[in-house]
Amino acid sequence: MEQNSDNHDELTIKQQKEIEKEINEQFALISEKIPIEILNDEYADDPVYRQKVQDISSKYRYMRKIRPDGNCFYRAFGFTTLEYLIKNKEEFKKFRQVIEQSKAKLIELNFPQFTIDDFYDTIMEVINKVEPSDTQDVNKVLDELYKLFNEQAYSDYIVVYLRLITSGKLQEEAEFYSNFIEGNYTSLLDFCKKEVEPMYKESDHIHIIAICAALGCAVRVVYMDRGSQSEVIAHDFPDCPDNNPSVSLLYRPNHYDVLYQ
Amino acid sequence: MSCPAERRLRKELLELLTNPMPGIYIDEEKVAKNINEWIVTIEGAEKTIYEGETFQLQFSFNEKYPFDSPTVLFIGKIPVHSHIYSNGHICLSILTDDWTPALSVGAVCLSIRSMLSSATKKERPPDDMIYTRTCSKNPKKTKWFFHDDTV
């Protein structure tokens, strides 16, 4: 046990806080739908990325930017999944049931009931508020969803619950998932406590596989990186031939946004 | 302080008062005055080297709780332990890097009590002198390197 004890620490943390503040002021938690061509602005002098933006524009027309705070995957996934479900009533009902059953599962896995309640209640409150009904205008419900996901208190509580569900799934099938854990972790549980449950920790394939399996959802992730091929590569979760996900995310190194056709 | 943090803290307080945890006592009067500052008394567990001793922890919460971890330190008499500095700072990963919003005051107290219980000898951290001279007053402002969480 050691710490680097000179005052650099305080400066580093101060700097981190300032960067955080800047990001918060610059980015909404979830942006409006914007034309995909906006990506060109970010890569004005970058031919490799511009070519990829061109390829993405041939497949997707709009995007939503998500605040880059390490929670972007869960926020993007949660938002766009609910957005899709609101327009698909039967699937919404099924999703609701899965969430309702998730609390008992998490408690069985030794998550503390007392704190789980808090997050579960909030996600259920959101689900109730955006449950599609015959009497309500779908666009109004979608507006409500957008509003709720941009309210930090709701939005972050949802992120926490999705993280817990992801961790729960990983633990439930620990034997399977531990084959894919790389790095310095003493166990799958250790990985969950350090890389899944804490806020602001970024997500990788294993997190996406687990949350899709837990919720019975599917997602397509389009990867845009510095690779030499001119086309972007899409990967479907879960990875099976008859899977055709209705929601898509754009991945750029360390960040996820939402894509629309 | 915004509502969600306060609502959560009141809920935790109620839970700890109605289902008290062994060896862990909340200073109700102090919390009643200010919900963002808690004093918790911890009794050394039986059959451990801290049996018969009591210590006080100070918790401070900001408006981002439970997304941000609380600031936790020992005040008054500081237990002599290889992860506890003589200024009350505690080297425990769940207080900074590994904090999750599913943890709680109760969970932190339990961790600290079990950290005390597993110690076999009373000694200060090897770098106690240099750390306590140079560190910030706030333990959350130290970038800790956790070598061993099992002790």
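Restricting the first member to the range B:25-36 and to residues that are among the β-branched types (Val, Ile, Thr), and the second to residues that are open to solvent by 40 Å² or more (accessible area, probe 1.4 Å), the beta-carbon pairs closer than 6 Å and six or more apart or on different chains are B:35/B:6.
I'd like to check something: does the range B:48-60 contain any residue that is among the hydroxyl-bearing types (Ser, Thr, Tyr), touching a residue at least 40 places away in the same chain (Cβ under 8 Å) and within 14 Å of chain A (Cβ to nearest Cβ)? The answer is no; no qualifying residue exists. Residue count for the range B:44-59 under the criterion of being part of a strand (DSSP E or B) and either hydrophobic (A, V, I, L, M, F, W, C) or modelled with pLDDT under 95 (or both): the result is 3.
Remark: pairs (first residue in the range A:38-52, more than 11 Å from residue A:226 (Cα to Cα); second residue among the hydrophobic types (A, V, I, L, M, F, W, C) and part of a helix (DSSP H, G or I); Cβ separation under 7 Å; 6+ apart in sequence or on different chains) = A:39/A:53; A:40/A:53; A:43/A:53. Reported count of residues in the range A:120-161, each being more than 14 Å from every other protein chain (Cβ to nearest Cβ) and charged (D, E, K, R), is 8. Is it the case, given these coordinates, that residue B:77 is more than 14 Å from every other protein chain (Cβ to nearest Cβ) and either within 22 Å of residue A:158 (Cα to Cα) or surrounded by fewer than 21 Cβ atoms within 10 Å (Cβ to Cβ) (or both)? Yes, satisfied. If you take the residues in the range B:92-147 that are of a type in the set (Asp, Glu) and open to solvent by 60 Å² or more (accessible area, probe 1.4 Å), which one is farthest from residue B:82 (Cα to Cα)? Residue satisfying both the conditions and the ranking: B:97. Only one entry in A:99, A:13 is assigned to a helix (DSSP H, G or I) and touching a residue at least 12 places away in the same chain (Cβ under 8 Å), namely A:99.
Looking across the range A:107-119 at every residue that is open to solvent by 10 Å² or more (accessible area, probe 1.4 Å) and part of a helix (DSSP H, G or I), the one that is farthest from the other protein chains (Cβ to nearest Cβ) is identified as A:108.
Considering each of A:256, A:251, A:157 in turn, give the residue that is of a type outside the set (A, V, I, L, M) and over 30 Å from residue A:47 (Cα atoms). Within the list A:256, A:251, A:157, the selection yields A:157. For the subset of the range A:162-186 comprising residues that are open to solvent by 50 Å² or more (accessible area, probe 1.4 Å) and not in a helix (DSSP H, G or I), which member is nearest to the other protein chains (Cβ to nearest Cβ)? My answer is A:186. One residue stands out among those in the range B:81-113 that are without any contact (Cβ under 8 Å) to a residue 60 or more places away in the chain, assigned to a helix (DSSP H, G or I) and more than 10 Å from every other protein chain (Cβ to nearest Cβ): the one that is farthest from residue A:112 (Cα to Cα), which is B:95.
Output the number of residues of the range A:238-261 satisfying the condition of being farther than 24 Å from residue A:31 by Cα and of a type outside the set (S, T, N, Q). Number of matching residues: 5.
The values are calculated or read from the model by the stated rules, or taken from the named source; none is laboratory data. Just so it is clear, the model here is predicted, and its values are computed rather than measured. Cβ coordinates were reconstructed from backbone atoms using ideal geometry, including for glycine residues, and neighbour counts include every protein chain displayed. Areas reflect the complete protein model, heavy atoms only, side chains present, ligands, DNA and RNA absent. Shrake-Rupley method; radii C 1.70, N 1.55, O 1.52, S 1.80 Å.
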